[in-house]
Structure formats: structure tokens, C-alpha cells
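The values are calculated or read from the model by the stated rules, or taken from the named source; none is laboratory data. Being a predicted model, the structure only gives us computed values, none of them experimental. Methodologically, a virtual Cβ is constructed for each residue, glycine included, from the backbone with ideal geometry; neighbour enumeration extends over all protein chains shown. To get the accessible areas, we keep the full protein, side chains included, count just its heavy atoms, and leave off ligands, DNA and RNA. Shrake-Rupley method; radii C 1.70, N 1.55, O 1.52, S 1.80 Å.
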Amino acid sequence: MSRRIDFQAETLELALTGAVAELLDCPEDKVVLRVDAPGVDDVRGQVRLDLRIDAPRHVDSRDDRGDVEDGSGDEPELLTPEQLDEEADAAADFLEGLLDALELPGDLRIRVHGDHAEVEVVEIGSGALIGRRGQTLEAIQELVRCALQREFQRRSRVKIDAEGYRSRRLEKLIEKAEEAIDEVLDTGEPVRLEPMDVFERKAVHHLVAEREGVASRSQGREPARRVIIELDE
């Protein structure tokens with residue numbers, strides 16, 4: 001089966017919001033999305049998104065594991081290199097279709113790591129795919145995640161990036177995590193970090209594991225799932 005999303009709106013923000021709402025089968029007023037980046041205002045008129053997702057439509061894609069008491073719940077299920085290649089290629093096809101639909105330039109850069117793949121859009125010429133505080137990029141990540149999960153019937157292991165935004169964000173998160181570790185060791189009180197995706201949480205868990213006297217655990221559900229750093233009892 002396949003699902004085709006054909007959505008038109010006057011702005012890129014409205015088009016993406018409508019496409020996400022239709023994909024997730026939820027009202028548009030439940031989708032909070034703001035596109036605020038150089039060049040976005042030039043994408044106006046009648047913006048049409050024509051997305052085709054080759055996957056079953058009715059699949060519950062939620063992560064139902066809920067709260068996890070330590071970082072082990074954020075360890076991704078290991079996939080074979082062939083499976084990661086398949087997901088990366090499917091994600092690249094999805095992004096190419098999105099770029100064509102939005103009439104945006106851009107090249108795709110694919111990297112396959114040990115436990116996940118990364119597809120980065122480069123040479124866009126603007127922050128149109130990133131948005132304010134990465135909100136547009138997160139919406140695109142969710143679109144790709146749902147598409148891949150429905151196609152392959154497993155939890156997606158592909159991270160979407162644009163112009164190195166996620167790398168820069170991860171550097172800042174690691175700095176905040178290091179400050180939080182020092183605060184926990186000084187005060188003895190736990191520190192809750194901001195919500196992160198599974199790849200960011202894993203990096204923080206690894207950082208904490210290298211420090212004596214502290215431990216970390218994940219709490220909450222996506223997209224508000226976060227890491228808590230506390231004394232290691």
C-alpha cells in the first residue's frame with residue numbers, strides 16, 4: 001500500500017503544518033510549527049506539497065515504552081549495515097521529493113554509522129528547512145520517521161540534518177550536560193535537561209557514564225523525553 005499527501009497552502013509553514021497533521025491523523029491546531037529563517041518569506045504564493053509514502057497507513061508508530069529508569073532504554077536496536085543502507089536510501093528519496101515539491105535547492109549527504117544513519121541536506125542557501133530553534137527540521141524528522149517506520153515495520157534509525165544544525169546543537173547540549181554534571185556533584189541535587197531526541201540522549205548518557213559519582217536516566221515520552229542527571233548511589 002502507499003499513501004499520498006497532496007497539500008496546498010499560501011506559505012511553507014502552513015503547507016508543512018497541514019502535511020504533518022494529515023500524516024499523523026490529527027487536527028492542524030494540534031501541530032505547533034513555526035518557520036522563521038532567512039529566505040522563508042520568499043517561498044510564498046501557492047506552496048504545494050506532493051508526498052508519496054510507500055507504507056501501510058494504519059500502524060501505531062508511538063514508542064510505548066514510556067518512562068525508563070536509566071539510559072539503557074535509549075540504546076537503539078542494532079540494525080545490520082544493509083538495513084541502515086535501506087533506511088538511508090528511503091529517507092533520501094523522501095527528502096528529494098520534499099525538496100522538489102518546495103522547489104528548494106540542496107544536495108544530500110548520507111553517512112552510515114554503527115547504530116544509525118544520517119541524511120543531511122546541504123547547499124540549501126537558507127535556513128528554510130531548519131526554522132526557528134529547529135522546529136521545521138523536527139517536523140521533517142517526524143515525517144521521515146513515520147514514513148520509514150511504516151515502510152520497514154521497525155523503529156527508524158535515520159537522523160535528518162540540514163546544514164550541520166544538529167551537530168552544532170549537540171555540541172551545545174554536551175556543554176550543558178557537562179555543566180549539569182558539575183552542578184550535581186556540587187549540590188547533590190538532580191538536574192533535568194531539556195527535551196532531546198534519542199541520538200542526543202544517547203550521547204549525554206555516554207558522557208555521564210564516563211564521569212564518576214553521577215548517573216543518568218531518561219524520563220517522559222517523545223517529544224518531551226529528557227535526561228535527568230543525579231548522584232550515583
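Think of region 141-233 as a dipole: +1 on every Lys or Arg Cβ, -1 on every Asp or Glu Cβ, centred on the Cα centre; then among 184, 218, 229, 218 lies furthest on the positive end. With the whole protein complex present, residue 187 retains an accessible surface near 80 Å², based on a 1.4 Å probe.
Where both bridge residues fall in region 106-233, DSSP classifies roughly 75% of the beta bridges as antiparallel.
Taken one residue at a time, the phi angles of region 220-227 give Karplus couplings (6.51, -1.76, 1.60, θ = phi - 60°) of x, 10, 4, x, 9, 5, 9, 9 Hz. Gly and Pro are set to x. The tail of the calculated P(r) for region 192-233 beyond 17 Å holds 23 percent of all Cα-Cα pairs. Taking amide H as placed 1.01 Å from N in the peptide plane, residue 158 has its amide H under 5 Å from the amide H of 117, each at least 5 places away in sequence or on another chain. Among the GluC sites (Glu not before Pro) in region 160-223, those placed in a DSSP loop whose Cβ has at most 14 other Cβ atoms within 10 Å are 210, 212.
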